Each structure stands twice: as C-alpha cells, then as structure tokens.
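Novice: The structure is given below, and queries will be raised subsequently.
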Amino acid sequence: MKNRRKHFLSKLFAALLTASAFLGTFTQARVLAVNEQFDDPNDNFISQNEALTDLMNEPGENAPSVSATSYILYDSLSGATVMGRNPDEPLEPASTTKIMTILLALENLSPDEVVTITPDMYQELPADYVTLGLSEGEEATVRDLMYAAMLTSANDATLALAIYMGGTQLSFCSMMNQRALELGCTHTNFVNAYGLANPSHLTTAADLALILEEAVTHPEFCEMATTISYTMPATNLYDAPRVINNANRFISTQEYAYDYYIGGKTGYTDTAGYTLVAAAQKNDRTLIGVILGGTDPNIRFRDMINLFEYGFTHFTTIPVDYTEFTSIVNSTLEQVNGALINTDLQVTEYDYLKTLSPYLTTTSDRVAAGCTNMVELSGQSIDSSNTDQTLELPLCKVFNDGKTYIVGSLTLRITTRDRVIEMTPEKHSKWDKIKLICRTVFVITLLILILIIAFLLFRRSHRRRLRDEAHKRSRML
C-alpha cells in the first residue's frame, strides 16, 4: 500500500514538473521570438556611412565618362557621393582655391567695407597671373574685390581680401585650413589664398565639394557666380569704372550654358591641369560636381553637364520621415515588452529620432519599384539576468530588388521593472493584462486536470486491486 502511494506521488510530482517545464519553455519561446523575427540577416544591408559612397559601386550602363584625374558628383541633400574617380586623392586645385577665400570673406566681412591696397597684396604675384591692376593706396570695397576674384579670377583682388582678413597670407591660410576642417575636409592643405601652383597646396575633389556646398548656402555667392558682368565703380586712384566680365563658360557662352547652374569656379595651372567646381539645382535638389586634372578647357564643361544630367535622372533623393517608422517602432516595443512580461525587465526608454538620416539617395529605378520599412531584429538578444542593458535595432528601408539601407537605429534601454508602475493599471496595455490572465488560467487549469487524472487513475487501480483480492478469497472458499 505504501509503495503504491509512493508510486502515485512520484507520478504526480513528475506531472507537476512537466507543467512547470512547459511554462518555462513557453516563456523562453516568447523571448526567442524577438531574435527570430527575421531568420537570415540580409547580405545587402548598407550602413548609414556606407550609403554615402555605395552608389559609386553601381555604375549605370549609360554613365558618362570624365576625362580627368579625379572627379566627383555629390548630392548635397543626403551627403552621398553618387559617382566619382579618386575622390580622395590630394591634387592641386588651382584657382578653385578662391572659393574658400570668398567664403571666408562672406562669413567675416561686410560687402561695403573698404580695403586699402598695400604692396604685399600684389607684388608677389607671377607676371602671367590674371590681375585687376590694383595700386598701392587704392581703395576698393569688399564687394568689388569679391566680384573681381569670382568673375575674372583676379589674383590681386583675392590676395587683398586674404591679407585684409588675416593680416598676412600665412595667417589667412591658417584660417582657410581651420575652416576646411570644420567643414569636414580631411585631405586639404592650403598654402596660398588664390591657387598659386605649389606641390604642397593640395586638396581633393571630395573636400572641394564640401567647400562649395557651404559657399552656395550664401545667396551672395550664387549671385556673384551667375552674374554675366559687373561694373566696379571708379576708385580714389582709378578714375574710370572697370567692367568685369564673367569668364566662366557656364555663363559666358551659349554652347556650355546650363540652366540649373547656381555657382562655382574654374582653375588652371600647368601642374594642376584644368579644374572645375560647380553646383546645379533642380527641383530643390542640389548636385555638386568637381573635376581635377582635366585635359581640356572645354571638355571639362561638357563632362560636368553630362554628370549633372545623369545625376538628376539616374539617381533620386528621398526624404526619410520619422512618421514612416512610428507604427513599426510601436509594434517592436510591444513585442519586446511582451517577451519580457514574465521577467523583472521592461523597456524604460527608447529613441530613434537622433540617428535617423534626413535623406537617402539611391537609383531612380530602385525608388520607382518601391520599398518597405522594417526594424531588423536578427542577431539581437536579451539577457534576463542583466538589469540595465541597451539594444540598438537598425531601422531599414528595404527595396524590392533586395537592397536594404540602414537609415537609423531604434535604441531601447531595458531595466528592472518599476513595481509601483506595475501596480498602476493605466501603465500597462489591456492586451498585456489579458495575456497574463490567460497564461495564469491555463497553468491552473492544466494542474487541476493533472490532479483529476491522477486521482481517477489511482481510484481505478484501487478498485481493481479490491476486486482481485475478493476474487482470490472466493476461490479459496
């Protein structure tokens, strides 16, 4: 009898252990569901940094060729380089250097300030370099000097601005290099203010794109760059007005006129070759092109126009609106909190606005085919023993060809559940309550069923034993 009772209790205990194990497996499966939402990470994932240069790896069939040592086509909205060759190779920029000098003048001087010319503002210039013909003691406004520097690439006007701002050209070059660093230029070293040939005077196509990007944010720069002709009034030493014509072929010729051109600068020296930096704007989208080491004064303009036309048609820049991700972020929060419901953890903080890219540039065909948004959960894990942990979940735009761009991240901070908050009904969703109640009812019902079955089995075994004993007694009689 005692052995039978022990056997019954062991069966009952095993049944209870089975129920407990089932409950534990159910909880674990919920946590694993977070990790298994996407079974296989997409090999086509492009990070936010990679998206800035990835399109250079996708040359189109009709992409234009550029006859230059280095070039770049840069989208100002997204910061993406969509085409290029050797964009980070340090090369001599020639007179495209003047963009930085004019930018600093726009940022630090008033156009109406009067500059008194000193000999050091023109004496060092090579004899064959273009000048405005300034004289010692002559007075000219900052506006006049900027127009002369921009339209005809007057080197004395540029040097006058530089020395007026920096005291000396050397000091001004320090200002130039510091401003370049602030703009994100990493391979630039200016040793003069106007583009004098010098093996140490170097920058890159990528850096020049950043400098022009900043310059065209000044309406005065674009106005100067697109002016056909400017008349400089007479000065105290020059009694006739000077007519300054724009030498940039985008403005001065019909053959290379480009309707969307908004600003830029040309350059040439024997060692630098033909250089060109230009910006074009169409439908509120700005593209910036840079050509360094060109082989022909005219071909560089045709190459630049071809780059712009291809850039505006073959590539599209789309805004990334945070509201696109609101629904999927809320769904992810519910899923993660649901997985943690049987633990002491919960999501206490989250953010996805700080890291979101404002724009994304990709091919026009890809955009036309459409895309979906998702939160990438593969490879993520939650440690139930860690009471303060942070998850970084990539926010992605998945295009129909499989290309997946990471455009930001959802940051989740998971900490110990606040017991006070846990007792406040409005802090939990009704669905969380229903799930908890259903799970509790399920477990209790399962245990009751196990007890009933165990009781019935015991009673049946007991009756059979009594019948067997009665049968034995009857045979003995």
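Derivation of every value follows stated rules applied to the coordinates shown; laboratory data play no part. Being a predicted model, the structure only gives us computed values, none of them experimental. Methodologically, a virtual Cβ is constructed for each residue, glycine included, from the backbone with ideal geometry; neighbour enumeration extends over all protein chains shown.
Novice: List the GluC sites (Glu not before Pro) in segment 214-308 that DSSP assigns to loop (not H, G, I, E or B) and whose Cβ has at most 13 other Cβ atoms within 10 Å. Which are they?
Specialist: Sparse-neighbourhood loop GluC sites (Glu not before Pro): E255.
Novice: Taking 0.36 nm per intervening residue step and subtracting the Cα-Cα distance, what contour gain separates A127 from D468 on full extension?
Specialist: The A127-D468 span can extend by a further 109.9 nm.
Novice: So, one more: Tally Lys/Arg at +1 and Asp/Glu at -1 over every other residue whose Cβ is under 12 Å from the Cβ of Y256; what's the total? Working shown, then result.
Specialist: Values: positive: R249, R300, R302; negative: E255, D259, D303.
Neighbourhood net charge equals 0.
Novice: Still on this structure, I have one more. What value, in deg cm²/dmol to 500, does the helix sum -39500 (n - 2.57) over DSSP H runs of n ≥ 4 give at 222 nm once divided by the residues of the chain?
Specialist: Numbers: 13 runs with 190 residues, N = 477.
For the chain, the value works out to -13000 deg cm²/dmol.
Novice: Right, next: Between L91 and residues 5 or more places away or on another chain, which pairs have amide H atoms under 5 Å apart, with H built 1.01 Å from N, and which residues are they?
Specialist: T203, T204
Novice: Assign unit charges at the C-beta atoms only (+1 for Lys and Arg, -1 for Asp and Glu), then state the dipole size of the chain relative to its Cα centre in Debye, rounded to the nearest 20.
Specialist: Dipole magnitude for the chain comes out near 6680 debye.
Novice: Which FRET efficiency value, to the nearest 0.05, do you get for D259 and N386 by plugging their Cβ-Cβ distance into 1/(1 + (r/R0)^6) with R0 = 60 Å?
Specialist: Plugging the Cβ-Cβ distance into 1/(1 + (r/R0)^6) gives 0.50.
Novice: Do any of K354/K403; K98/K282; K265/K354 go past 27 Å between their Cα atoms, and which?
Specialist: K265/K354
Novice: Contact order normalised by length for the chain, with contacts defined as Cα pairs under 8 Å and 6 or more residues apart; what percent is it?
Specialist: Reported relative contact order: 18 percent.
Novice: Let me ask another. Among I299, I211, I434, which comes first, second and so on when ranked by fewest other beta-carbon atoms within 10 Å?
Specialist: Details: I299 15, I211 26, I434 10.
Fewest to most other Cβ atoms nearby, the residues stand as I434, I299, I211.
Novice: Given [x] 55; [y] 29; [z] 41 as candidate values of percent of Cα pairs over 34 Å apart, which corresponds to the one derived from the coordinates?
Specialist: The value matching this structure is [x].
Novice: So who's got an amide H within less than 5 Å of the one on I46, skipping anything under 5 residues away but keeping other chains? H placed 1.01 Å off N, in plane.
Specialist: Answer set, sorted by chain and number: T404, Y405, I406.
Novice: How would V243, V443 line up from fewest to most surrounding beta-carbon atoms within 10 angstrom?
Specialist: Going from least to most buried by this count: V243, V443.
Novice: For each of M165, M83, M56, count neighbouring Cβ atoms within 10 Å of the residue's Cβ, then give the residues from fewest to most. Can you show the working numbers first?
Specialist: Values: M165 20, M83 24, M56 16.
Sorted ascending by nearby Cβ count, the order is M56, M165, M83.
Novice: Extending each Cα 7 Å along its Cβ direction at E113 and M56, get the distance between those two points in nm, one decimal.
Specialist: Each label point is offset 7 Å from its Cα along the Cβ direction, giving 3.7 nm.
Novice: Evaluate the Debye formula for segment 66-314 with equal point scatterers sitting on the alpha carbons, no solvent, and hand back log10 of I(q)/I(0) at q = 0.09, 0.11, 0.14 Å⁻¹, in q order, two decimals.
Specialist: Taken in order of the listed q values, log10 I(q)/I(0) reads -0.34, -0.52, -0.85.
Novice: Enumerate the calculated ³J(HN,Hα) couplings along segment 256-273 in order (Karplus 6.51 cos²θ - 1.76 cosθ + 1.60, θ = phi - 60°), each rounded to whole Hz, writing x wherever the residue is Gly or Pro.
Specialist: Rounded to whole hertz, the list is 10, 5, 9, 4, 9, 5, 10, x, x, 7, 9, x, 6, 9, 4, 8, 8, x.
Novice: Determine ³J(HN,Hα), in whole Hz, for all residues of segment 317-331 in sequence, where each value follows from phi through the Karplus function 6.51 cos²θ - 1.76 cosθ + 1.60 and θ = phi - 60°; x replaces Gly and Pro.
Specialist: Residue by residue, segment 317-331 yields 10, 10, x, 10, 8, 4, 5, 4, 9, 4, 5, 6, 5, 4, 5 Hz.
Novice: Tell me which of L103, S378, T231 sits at the most positive position along the dipole axis of the chain, charges placed on C-beta atoms (Lys, Arg +1; Asp, Glu -1).
Specialist: Of the options given, the answer is S378.
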